[in-house]
Amino acid sequence: MKSIKSIALPIIAVASCFQHSSASSILNPDTSVEVGEWQLVWHDEFERDGAPDSRWWTYENGLIRNNEAQFYTVARTENARVENGHLIIEARKEDWVNADYTSASLTTKGLADWTYGRVEIRAQMPAGRGLWPALWMLGSNIDEVGWPLCGEIDILEYVGFDTTTAWGTVHTDTYNHADDTAKGGKITVPDITEAMHNYTLEWEPDKITLSVDESVYFTFTKDANATTAEWPFDLPHYLLLNIAIGGDWGGQEGIDDSIFPVQMLVDYVRIYQRKPAGPYSIDLSSEGPGRLRIDPEKDSYDEGDEITLHIEPEVGMRLADFSGEQAAPNYRIPITVNRPLAFDARFTNPGDILENGDISKAADSWYHWIDDSQSAGSLSFANGEVKATVTSSSPEGWPFQFGQGGISITTGDVYQISFKARANTTARVDVKIARDWGSFTPYETQTIELTEQWENYTLNYQHQEASDSNTRLELNVSFNVGEFWFDDFKLTSEAQSLLGPYEQWKKNNNIPPANDFRDPDEDNMSNIFEYLYARSPSTQEPLNSPPTLRPQRASLQLDPSGGNRTEEQLSDIQIHIEASLDGENWSSVESINDALKLGNNVLLRYHPYSSITVSP
């Protein structure tokens, strides 16, 4: 078990309804931390083998920046996984889409971000010419204001041709590498590729300090008259960990193909913030078919107050995104307050295949591309809309496009695409379902005409070719010069039910997702017990014996496989028997005969339990 410094922590919780939190120490506040001291607010110790925890990490996808040679893959364990207490990011030499290398870029974008704090990452860099690994942060408003106005903090950069140097840099609108004005420093780390080192950022309201193993090598101080152009660091930033290959800096001396595969190892990531004085506020925000609420509800809370956060999707709906504080997204989260807290949730209809179809999260999950040799213009994701401005048209349409990739489609399924749109002039738009790989050949192209009024468009497509797990929705907009607006995208499948069997059962019975242990039909059987009992492979009467058998509330045994179970396994329900002499103190027994040995007045109860997956 890794040692964590003395800290104060904001949340405690009972056993999760859904899954165990790998950030378990975040659930136990350290009351010894004084106001003004650093307290842990987020961390990952990488203690669970497998894919990185999707509650804390997401991925960049594709060819992203700086003329780099790697394709960043999504949720591919060959490129990102946890083994033996370490996060492994692995870069490989292999053909992938239109790149010669693969790698991974993990990020907390959309899941967690911070304003000020201490970021401590213990890591070991990979070795080899052409590599460009980095531990860094970007301003969360990058999709609205762009880079470098959003701000960037490079906690560590390393280039493989400079074998013993760690670099740290800040980028702003005034100071950035594109204008050769970036502010930064460097330090010699002789065994940077052979041993773990602590790379640390201390970010205060007026100063940024970078260090390696507590040796400070760069400080950037806020000027008294600084604007956001010089100091964009009063706003939230999110974290990124990645290995880039080649590119404007990493590839200055070429790429040595003999080094692959290579790995960056990360032992832990820990983020602290200074503990403020109370009383404390709790900010809740949500969108879509569901709500967040706090019980008890008050204007402010004192340190040590015990509260519960309730996450409540509507019937048949699902929690899609949960961000803010580092807490597993259970329907009920007990919290001990010791600092200001903020939670954000997005609820969705699980039948909708697209992410961020209402553009509420700006450009998140969407791509766009403009071939400036054949078209020109700009695209923005703001105010819950996509706005395309075409200043130079193309008869092909595709040189100015936007859409969403990573969509899986199945042979024979019928898909429906819907959205609303308008333009400042009559304009043509081609809507495609296309391969998101190779030559990006479309499976289907349908043409619509935009008018100056908002109109709803609905298109249907049946996929007749082989199933494809990597397609994209693509909109081609460069046929006409003008301004075009889009919103409320949905992609649904008539054949696919994206609800799990338990979720579907609750929807069919008009039961809200959070009501596992309630009994709306008053039959003395809670929802989850009723579901499990109905799925029992046995149709025999309950066990009979001289003592009275009575059911108790069912318990859940969670399925860590992520749902990769057969129908038979899901239905493998067992009977568990407990005995008591006073009706209050119960103990497990292996059989009714063993229970009867306790005496003539013994009471028995039972419940079935099953390994099932319940998605939040």
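Please verify whether residue 313 is buried (at least 21 other Cβ atoms within 10 Å of the Cβ), touching a strand residue (DSSP E or B) at 6+ places or on another chain (Cβ under 7 Å) and not β-branched (Val, Ile, Thr), treating the condition exactly as stated. Yes. Here is the figure for region 175-195: residues that are β-branched (Val, Ile, Thr) and either open to solvent by 40 Å² or more (accessible area, probe 1.4 Å) or assigned to a strand (DSSP E or B) (or both) total 3. Among the residues making up region 87-109, a single one is within 19 Å of the chain's Cα centre (by Cα) and either farther than 21 Å from residue 267 by Cβ or open to solvent by 40 Å² or more (accessible area, probe 1.4 Å) (or both): 109. The single condition from (1) over 30 Å from residue 383 (Cβ atoms); (2) over 25 Å from the mean Cα position of the chain (by Cα); (3) assigned to a strand (DSSP E or B) that residue 162 fails is (3).
Hey, among the residues in region 316-328 that are open to solvent by 20 Å² or more (accessible area, probe 1.4 Å) and assigned to a loop (DSSP other than H, G, I, E, B), which one's nearest to residue 57 (Cα to Cα)? The qualifying residue nearest to residue 57 (Cα to Cα) is 325.
Restricting attention to region 245-265, does a residue exist that is surrounded by fewer than 14 Cβ atoms within 10 Å (Cβ to Cβ), over 23 Å from residue 159 (Cα atoms) and in contact with a strand residue (DSSP E or B) (Cβ under 6 Å, 6 or more places away or on another chain)? No, there is no match, as no residue in region 245-265 is surrounded by fewer than 14 Cβ atoms within 10 Å (Cβ to Cβ), over 23 Å from residue 159 (Cα atoms) and in contact with a strand residue (DSSP E or B) (Cβ under 6 Å, 6 or more places away or on another chain).
Those strands (runs of 3 or more DSSP E) of region 435-482 in which at least 2 residues are more than 25 Å from residue 389 (Cβ to Cβ) and modelled with pLDDT under 90, considering only elements entirely within it, cover 468-476. Candidates 143, 180: the one that is on the phi < 0 side of the Ramachandran plot, of a type in the set (D, E, K, R) and modelled with pLDDT under 95 is 143.
Do we find that residue 215 is surrounded by fewer than 15 Cβ atoms within 10 Å (Cβ to Cβ) and under 20 Å from residue 269 (Cα atoms) in this structure? For residue 215, the condition - surrounded by fewer than 15 Cβ atoms within 10 Å (Cβ to Cβ) and under 20 Å from residue 269 (Cα atoms) - is met. Selection within region 434-467: residues that are of a type in the set (Phe, Trp, Tyr) and open to solvent by 40 Å² or more (accessible area, probe 1.4 Å). The member of this set that is farthest from residue 408 (Cα to Cα) is 454. The single residue among 336, 308 that is over 29 Å from residue 156 (Cα atoms) and open to solvent by 30 Å² or more (accessible area, probe 1.4 Å) turns out to be 308. Do you know which residues across region 484-526 are modelled with pLDDT of 80 or more and of a type in the set (Phe, Trp, Tyr)? Once the filter is applied, which keeps residues that are modelled with pLDDT of 80 or more and of a type in the set (Phe, Trp, Tyr), region 484-526 yields 484, 485, 486, 489. Of the residues 358, 364, 372, which single one is farther than 30 Å from residue 37 by Cβ, without any contact (Cβ under 8 Å) to a residue 12 or more places away in the chain and surrounded by fewer than 19 Cβ atoms within 10 Å (Cβ to Cβ)? Within the list 358, 364, 372, the selection yields 372.
Note on region 33-96: enclosed strands (runs of 3 or more DSSP E) holding 2 or more residues that are farther than 25 Å from residue 138 by Cα are 86-96.
In region 118-140 there is no residue matching the filter, namely being open to solvent by 10 Å² or more (accessible area, probe 1.4 Å), charged (D, E, K, R), farther than 25 Å from residue 271 by Cα and modelled with pLDDT under 95. Can you confirm whether region 177-195 contains a residue that is under 27 Å from residue 110 (Cβ atoms) and either of a type in the set (Ser, Thr, Tyr) or touching a Lys or Arg at 6+ places or on another chain (Cβ under 8 Å) (or both)? Checking region 177-195: not a single residue is under 27 Å from residue 110 (Cβ atoms) and either of a type in the set (Ser, Thr, Tyr) or touching a Lys or Arg at 6+ places or on another chain (Cβ under 8 Å) (or both).
For the list (1) open to solvent by 30 Å² or more (accessible area, probe 1.4 Å); (2) more than 30 Å from the chain's Cα centre (by Cα), I need the number of the one condition that residue 397 fails. Evaluating residue 397 over (1) open to solvent by 30 Å² or more (accessible area, probe 1.4 Å); (2) more than 30 Å from the chain's Cα centre (by Cα) leaves (1) as the failure. Taken residue by residue, region 104-111 has no member that is touching a residue at least 12 places away in the same chain (Cβ under 8 Å), within 26 Å of residue 285 (Cβ to Cβ), polar (S, T, N, Q) and in contact with a Pro (Cβ under 8 Å, 6 or more places away or on another chain).
For beta carbons closer than 8 Å, sequence separation of 6+ or different chains, a first residue in region 394-417 that is within 18 Å of residue 97 (Cα to Cα) and at pLDDT 85 or above and a second that is open to solvent by 50 Å² or more (accessible area, probe 1.4 Å) and among the aromatic types (Phe, Trp, Tyr), the qualifying pairs are 403/367; 404/367; 405/367.
Summed over region 149-159, the residues that are part of a loop (DSSP other than H, G, I, E, B) and open to solvent by less than 20 Å² (accessible area, probe 1.4 Å) give a count of 4. For residue 112, the criteria (1) in a loop (DSSP other than H, G, I, E, B); (2) within 27 Å of the chain's Cα centre (by Cα); (3) hydrophobic (A, V, I, L, M, F, W, C); (4) farther than 19 Å from residue 266 by Cα hold in every case but one, which is (4). For region 196-233, the set of residues classified as touching a Gly at 6+ places or on another chain (Cβ under 9 Å) and assigned to a loop (DSSP other than H, G, I, E, B) consists of 228, 231, 232, 233, listed by residue number. In region 277-303, the residues that are surrounded by 12 or more Cβ atoms within 10 Å (Cβ to Cβ) form Cβ pairs under 6 Å with partners that are acidic (Asp, Glu), at six or more places apart or across chains, as follows: 278/302; 278/303; 279/302; 285/344; 289/314; 290/312; 290/314; 291/312.
Looking at residue 479, is it farther than 18 Å from residue 404 by Cα and open to solvent by less than 70 Å² (accessible area, probe 1.4 Å)? So residue 479 passes the test.
Applying the criterion of being within 22 Å of residue 236 (Cβ to Cβ) and among the polar types (S, T, N, Q) to the residues of region 301-346, the residue that is farthest from the chain's Cα centre (by Cα) is 338.
In this entry, residue 307 is excluded by the filter for residues that are touching a His at 6+ places or on another chain (Cβ under 9 Å) and either among the hydroxyl-bearing types (Ser, Thr, Tyr) or over 30 Å from residue 92 (Cα atoms) (or both).
Checking region 226-244 against the condition returns a match, with at least one residue being open to solvent by 40 Å² or more (accessible area, probe 1.4 Å) and in contact with a Leu (Cβ under 8 Å, 6 or more places away or on another chain).
The values are calculated or read from the model by the stated rules, or taken from the named source; none is laboratory data. Treat the numbers as computed from the prediction; the structure is a model and nothing was measured. Positions of Cβ are backbone-derived with ideal geometry, glycine not excepted, and every protein chain shown enters the neighbour counts. These accessible areas exclude ligands, DNA and RNA; they are computed on the full protein's heavy atoms, side chains included. Shrake-Rupley method; radii C 1.70, N 1.55, O 1.52, S 1.80 Å.
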